[in-house]
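Okay, structure first, notes after.
The values are calculated or read from the model by the stated rules, or taken from the named source; none is laboratory data. Small disclaimer: the values here were computed from a predicted structure and weren't measured. Because the Cβ atoms are built from the backbone with ideal geometry, glycine has one as well, and the counts that use them run over all protein chains shown. Each accessible area value is taken on the protein alone, full model and side chains, heavy atoms only, with ligands, DNA and RNA left out. Shrake-Rupley method; radii C 1.70, N 1.55, O 1.52, S 1.80 Å.
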Amino acid sequence: MAAGEHDLVVIGAGPGGYVAAIGAGQLGLNTACIERETALGGTCLRIGCIPSKALLESTELFFEAKHGLSAHGIQVGGVKFDLAAMMQRKAQVVDGLTRGVEFLFKKNKITRYSGSASLDGSGKIRVQNGSAPAELKAQNVIIATGSVPSSLPGVETDGKRIATSTEALAYESVPEHLVVIGAGYIGMELGSVWRRLGAKVTIVEYLDRILPGLDAEIASEAQKIFQKQGFEFRLRSKVLSAKVESGTCVVRCQGAEPIQCDRVLVAVGRKPNTAGLNLESVKVQTDGKGRIQVNEHFATSAPGIFAIGDVIRGPMLAHKAEEEGIACVEHIVTGFGHVDYDAIPGIVYTQPEIATVGKTEAELREAGIEFNKGTFPFRANGRAQALAQVDGKVKILADRKTDRLLGVHIIGPRAGDLIAEAAAAIAFKASSEDIARCPHAHPTLAEAFKEAALSTLGRAIHM
């Protein structure tokens, strides 16, 4: 092939894009990836999933040392934190992983182009980087440009005092009072970071519940736990405006007194990042939410152009984008590729963690599917008692006729790791009885999953 010609060009080097590029390289395609940021890895690695989890881990350790070690007979005095050191560690984690992606690109012979991409007719892509623009040709193109934070009418973000998750990951000092607009994954996680370090945190949510989309019973239990941790919730609150007035952030909600605070985190969701792609040049169709429309094989309305990840329908999750990236390139090369969307888990990395996979009770009722429900509290689990982390439970929903697992919802210690077994079980169409008959090591937290499976059958042992 001539210079600038490739079998596949991937636009975007986030989890979906870089994984798709590597997968394509492994399958023998001459592959290129276009990324405008200097570091590879996308929002998730640079300013999202990874840095937030690094801060969550650091602040949880600090909070545990200050408030939790005495339960284990460990006396610690004068515990302090160094915010600058926490931020430095976060940066080191991110830097190491972005360099890892660079290595994988070289290992798999992926050509990297730096700059912003735009489509320019069938099979043509322009790369604009300010100094040496390039014109590429490709038989296939995958759009994997991810998402950007959504805005809210009346909220005047300034990138400093009133800003998004990007800025909340890099505060130079702990706010005295942080208002978080939005009680979803991002709001609760970053609210947890700053609450543990001493900030007063007020969560403002338009709906009558936190963590929209999660199983309602689990979300309700989570709210009670978070309130004990010191979170203040203002639900059913419509934000009219947020602005800086005389050096103070003021958040105004309908029918309530204004809230004065030091900083405001706007965490009202994300939207597809398709600006500047020139989709109209190839007549790629989008829906009412700005998402690129694709078929079951991620093909758009334009021949040879595919889309994955946050720019298409479905949950905006890094691992969902990764699965779609692999399935997409496999379909391009072999004609086959599949993602089991029922087996894609979601995790909230608070303390305790919350993890979910499959259907919620509300979704099953809406679909008219009869189910059995089994639960098991971590308070009755020996390993949780030894850890002194007994809040929460495992909840299993199984088809009443076939006993097949339909949904698993966990709030409790290390739920984010425990959900992997549930995802595998759903992917392989396991039943509650299958899980109940599978030996689980003792004492482990995973035993709570087995007990919840037994509970759906009315046979839980330890409760």
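Here is a list: A144, A216, A222. Which entry is open to solvent by 20 Å² or more (accessible area, probe 1.4 Å) and aliphatic (A, V, I, L, M)?
A216
Does F105 meet the test of being of a type outside the set (V, I, T), assigned to a loop (DSSP other than H, G, I, E, B) and surrounded by 13 or more Cβ atoms within 10 Å (Cβ to Cβ)? Reasoning before the result, please.
Values: of a type outside the set (V, I, T): yes; assigned to a loop (DSSP other than H, G, I, E, B): no; surrounded by 13 or more Cβ atoms within 10 Å (Cβ to Cβ): yes.
Considered against the rule, which asks whether it is of a type outside the set (V, I, T), assigned to a loop (DSSP other than H, G, I, E, B) and surrounded by 13 or more Cβ atoms within 10 Å (Cβ to Cβ), F105 comes out as no.
Condition test on L152, is it on the phi < 0 side of the Ramachandran plot and open to solvent by less than 30 Å² (accessible area, probe 1.4 Å)?
no
Does G191 satisfy the criteria of being more than 29 Å from V9 (Cβ to Cβ) and not in a loop (DSSP other than H, G, I, E, B)?
Taking the combined requirement at face value, the residue satisfies it.
Pairs, please: C-beta under 7 Å, at least 6 apart or cross-chain, first residue of a type in the set (S, T, Y) and in segment 369-383, second in a helix (DSSP H, G or I)?
T375/A452; T375/S455
Pull out all pairs, ordered by first then second residue, where Cβ-Cβ is under 6 Å, the residues are six or more apart or on different chains, the first lies in segment 78-107 and is over 22 Å from L169 (Cα atoms) and without any contact (Cβ under 8 Å) to a residue 24 or more places away in the chain, and the second is in a helix (DSSP H, G or I) and open to solvent by 70 Å² or more (accessible area, probe 1.4 Å).
Correct list of pairs: V79/K66.
Does S122 satisfy the condition of being polar (S, T, N, Q) and under 23 Å from V239 (Cβ atoms)?
Against the criterion (polar (S, T, N, Q) and under 23 Å from V239 (Cβ atoms)), S122 does not qualify.
Residues checked against (1) more than 23 Å from the chain's Cα centre (by Cα); (2) among the aliphatic types (A, V, I, L, M):
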| residue | (1), (2) |
| --- | --- |
| V10 | no, yes |
| I22 | no, yes |
| G25 | yes, no |
| N30 | yes, no |
| T38 | no, no |
| R46 | no, no |
| K53 | no, no |
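State which residue is most open to solvent (accessible area, probe 1.4 Å) when the search covers only segment 121-140 and only residues that are in contact with a Ser or Thr (Cβ under 8 Å, 6 or more places away or on another chain) and at pLDDT below 90.
N129
Is segment 45-66 home to any residue that is open to solvent by 50 Å² or more (accessible area, probe 1.4 Å) and of a type in the set (S, T, N, Q)?
Scanning segment 45-66, I find no residue that is open to solvent by 50 Å² or more (accessible area, probe 1.4 Å) and of a type in the set (S, T, N, Q), so the answer is no.
Counting only residues that are under 22 Å from H72 (Cα atoms) and not β-branched (V, I, T), how many does segment 364-392 have?
Qualifying residue count for the region: 15.
Considering only segment 182-196, state which residues are open to solvent by less than 10 Å² (accessible area, probe 1.4 Å) and under 15 Å from I347 (Cα atoms). Can you show your working first?
Here is the first cut: in segment 182-196, the residues open to solvent by less than 10 Å² (accessible area, probe 1.4 Å) are 182-183, 187-188, 190-194.
A183, G187, M188, L190, S192 - these are the residues of segment 182-196 that are open to solvent by less than 10 Å² (accessible area, probe 1.4 Å) and under 15 Å from I347 (Cα atoms).
With respect to S173, determine if the residue is assigned to a loop (DSSP other than H, G, I, E, B), open to solvent by 60 Å² or more (accessible area, probe 1.4 Å), under 24 Å from L277 (Cα atoms) and in contact (Cβ under 8 Å) with a residue 24 or more places away in the chain.
no
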